[in-house]
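Note sheet for the following structure.
Taken together, the values in this text are just the output of simple stated rules run on the coordinates, not laboratory data. This one's a predicted model, so the numbers in the text were calculated from it and none came from an experiment. Cβ placement follows ideal geometry from the backbone for every residue including glycine, while neighbour counts extend to all protein chains displayed.
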Amino acid sequence: MKKFSTNIRVRYGETDQMGIVYNANYATFFEIARTEWLRNLGVSYKDLENKGIILPVISLSFNFIKPAKYDDILTISVFLKKTPLVKIEFDYEIINQNKEKISTGNSVLAFMDRKTNKPTKCPNYILEKLNL
């Protein structure tokens, strides 16, 4: 599975005084989609951490096209860019309930050994679930 989409409703606390989603919240929106993508594969971040793997974000970018507003229903799609090795890279697209693209983005995370804090390969059980 290379693509996954999930929906969220913009909460009041995610907006500024103008009712527009504050830009830093897009990182959370991307994380929600990424976490649900992984969970949909049958793996959770908790599972990874229990097996000694952590996934810090090493790169994150956003492109803002239109504002998201309070109470909007957003569909966040996450796309796996390529077979993960030591890094895993995702592209994102967010559309609102009117099917308007409001944002795109990209993140790169590194598989790290929790004990040594050194890079490690993507676990085979994740690669197998990706059917690559």
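How much mean residue ellipticity at 222 nm does the chain get from its helices, if each DSSP H run of length 4 or more adds -39500 (n - 2.57) and you divide by all residues, to the nearest 500 deg cm²/dmol? -6500 deg cm²/dmol, from helical runs alone. Exposure proxy ranking for Val108, Val10, Val78, based on other Cβ atoms within 10 angstrom of each Cβ and starting from the fewest, stands as Val108, Val10, Val78.
Taking the C-alpha atoms only, the angle from helix 25-41 to the longest principal axis of the chain is near 50 degrees.
Net charge of the neighbourhood of Lys82, taken over other residues with C-beta under 10 Å away and scored Lys/Arg +1, Asp/Glu -1, is +2. Say each of Asn106 and Glu49 gets a label point 7 Å from the Cα, pointing the same way as Cα to Cβ; how far apart are those two points in nm? Here the answer is 2.9 nm between the modelled labels. What the phi angles of the stretch 82-95 give under the Karplus curve with 6.51, -1.76 and 1.60, with θ = phi - 60°, is a coupling list of 7, 4, x, 10, 8, 10, 10, 10, 10, 10, 10, 9, 10, 10 Hz, glycine and proline written as x. Here r is the Cβ-Cβ distance between Gln17 and Gln97 and R0 is 30 Å; the resulting FRET efficiency, rounded to 0.05, is 0.85.
Pairs with C-alpha atoms separated by more than 27 Å, drawn from the list Lys81/Lys121; Lys82/Lys118; Lys46/Lys66; Lys46/Lys99, are Lys46/Lys66; Lys46/Lys99.
What FRET efficiency comes out for Lys69 versus Arg114 if R0 is 41 angstrom and r is the Cβ-Cβ distance? Round to the nearest 0.05.
Between Lys69 and Arg114 the formula returns 0.55.
Sites listed here are trypsin sites (Lys or Arg not before Pro) in the stretch 1-61 whose DSSP assignment is loop and whose Cβ has at most 16 other Cβ atoms within 10 Å: Lys2, Arg11, Lys51.
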